[in-house]
Amino acid sequence: MLMLEKLEYYITNIHETDPITLSEQAEILCHELFVFELSHLDIENYAYNPAAAVEELGLDQELVEQLVEDYVEQVTKSVVQFELYLKKLQDSKAHQEELDYTPFRELAHKNLGVARNLRIHDAQVLLYELMKKDDLDYLLTCLEALKYCAIKLKPKRAYDTLRLMEVKSSL
């Protein structure tokens, strides 16, 4: 279960930080992941620009910004689901059972649709990897990158969502 310990920190230690610190940590960790483990994806220098979504979708800037905030909340919550699916896959692998990636890939597909609609390129690349690859450690790395990319998009929304999840889990 060691591979999932990284994700557990994501929610359980949010009370020790603030949105600015969370954003700074996300920047550093994204950079490290994209320079080293995920360099082949060639998205290290990507920065989201909502203008593409505004122009291509014919929506106003304010609506796109709200949709991006909703996307960040969705991905932040989805990380927990992804973690549960990865744990099941890891358990199946440990017991030499057939691995069923279907729920994991369906969740990736759901999030990919939203990322495509909003023209969030780094998320599209990462979610595509989550849909297509089978290496559990690699999937965890992509998932880490996805969560940090979401935090970078809207740190305050990610922080608020994490705090709410922390409060709900403590009840």
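The values are calculated or read from the model by the stated rules, or taken from the named source; none is laboratory data. Just so it is clear, the model here is predicted, and its values are computed rather than measured. Every residue, glycine among them, receives a Cβ derived from its backbone with ideal geometry; neighbour counts consider all protein chains shown. Surface accessibility is based on the protein's heavy atoms, side chains included, excluding ligands, DNA and RNA. Shrake-Rupley method; radii C 1.70, N 1.55, O 1.52, S 1.80 Å.
A few points about this structure:
- Think of a 1.4 Å ball rolled over the protein heavy atoms: the chain then has 54 Å² of accessible area per residue.
- Between 23, 92, 78, the Gaussian network model of the chain with springs among Cα atoms under 10 angstrom shows the greatest mean-square fluctuation at 92.
- Surface share of carbon and sulfur [accessible, 1.4 angstrom probe, percent] for the stretch 18-170: 50
- Note: relative contact order over the chain, using C-alpha pairs below 8 Å and six or more positions apart, is 37 percent.
- 11 Å beta-carbon shell around residue 158, net charge (K/R +1, D/E -1): +4
- Computed helical MRE - 222 nm, the chain, DSSP H runs ≥ 4 contributing -39500 (n - 2.57), nearest 500: -25000 deg cm²/dmol
- Tilt relative to the chain, helix 136-153 - C-alpha long axis, 0 to 90 degrees, to 10: 20
- Acute angle (nearest 10 degrees) that the helix 121-132 long axis makes with the longest principal axis of the chain, alpha-carbon atoms: 20
- Answer label for Cα extents along the principal axes in Å (calculated), chosen among (i) 51, 34, 29; (ii) 102, 24, 21; (iii) 130, 29, 25: (i)
- Each peptide in 50-61, 151-162 receives the mean, over its residues, of other Cβ atoms within 10 Å, and ordering these scores from highest gives 151-162, 50-61.
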